[in-house]
Amino acid sequence: MQSTVFVPMQHEPLETESKSWRNKEKRPRKLPSLTDRLPTIDIQSVEKGTANLPCDISLPEPHDPTDDVMLVLWYREDLGRPIYSVDSRDRPFNEAERWSDENVFGNRAYFRLSSRPAILAIENVVEGDAAVYRCRVDFRLAQTRNVKVNLTVIAQETNSTSSSSSSNKSISTFSFLLLVVVQDEDENSNFGLLLK
């Protein structure tokens with residue numbers, strides 16, 4: 001019995017082929033993700049205030065009358081994982097189970113279904129809340145919808161002195177009282193005025 005053995009042959013480049021392809025680094029090309037192409041809504045909130053991040057949970061038109069929202073997930077883009085969820089996979093949406101990551105919002109966030117569009121309300125906003133967020137809405141039948149929101153937090157002044165970095169001068173606010181007394185010719189006080 002005779003067996004056949006296949007021996008791979010080594011290919012020598014022809015004179016017309018370039019040897020430079022061997023030395024090129026193979027760099028993985030980063031393809032843009034679907035979320036990179038989403039339009040972004042810009043929201044501003046004052047520190048210690050309430051930020052309202054919008055998320056359209058309305059059913060797309062036209063839609064099947066049996067369709068409904070099953071799951072709403074909020075992501076913080078720099079974390080890459082869900083930080084808030086509204087889960088109605090086994091119950092009506094108005095009775096959905098809510099979850100908030102204790103390390104991100106804790107009990108400071110609440111999803112308001114009654115608003116149009118619905119909003120994720122973040123109370124007592126802190127500077128660390130400034131980020132790009134993504135709301136993902138999964139429907140029972142319709143295609144998933146994603147919305148990106150860029151939250152900018154505006155810091156509050158901590159005292160009444162503000163400083164200009166270009167001139168190193170400071171401007172202070174002072175409260176003062178001014179008492180004006182008007183006297184007649186007989187040096188009797190007729191009235192006084194107090195200004196603050």
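The values are calculated or read from the model by the stated rules, or taken from the named source; none is laboratory data. Predicted, not measured: the structure shown is a model, and the values here were computed from it. In this analysis, Cβ positions are derived from the backbone assuming ideal geometry, glycine residues included, and neighbour counts consider all displayed protein chains.
Of the residues Asp87, Asp138, Asp129, Asp78, the single one that is under 23 Å from Val46 (Cα atoms), at pLDDT 95 or above and either in contact with a Leu (Cβ under 6 Å, 6 or more places away or on another chain) or of a type in the set (Asp, Glu) (or both) is Asp129.
Only a single item in (1) in a strand (DSSP E or B); (2) touching a residue at least 24 places away in the same chain (Cβ under 8 Å); (3) not hydroxyl-bearing (Ser, Thr, Tyr) is not met by Arg98, and it is number (2).
Anything in segment 61-88 that is without any contact (Cβ under 8 Å) to a residue 24 or more places away in the chain, exposed (fewer than 13 other Cβ atoms within 10 Å of the Cβ) and not in a strand (DSSP E or B)? List them, or say none. Within segment 61-88, Glu61, Pro62, Pro65, Gly80 qualify. If you filter segment 40-84 down to residues that are under 30 Å from Gln156 (Cβ atoms) and among the aliphatic types (A, V, I, L, M), you find that the one that is farthest from the chain's Cα centre (by Cα) is Val46.
Pairs only if they're at least six apart or on different chains, beta carbon under 8 angstrom, first in segment 39-53 and within 15 Å of Ile119 (Cα to Cα), second among the acidic types (Asp, Glu); list them, first residue then second. As it stands, the answer is Ser45/Asp129; Thr50/Glu123; Ala51/Asp129, since those pairs meet every condition given.
Are any of the residues in segment 148-170 modelled with pLDDT under 95, in contact with a Ser or Thr (Cβ under 9 Å, 6 or more places away or on another chain) and closer than 30 Å to Arg91 by Cβ? Within segment 148-170, not a single residue is modelled with pLDDT under 95, in contact with a Ser or Thr (Cβ under 9 Å, 6 or more places away or on another chain) and closer than 30 Å to Arg91 by Cβ.
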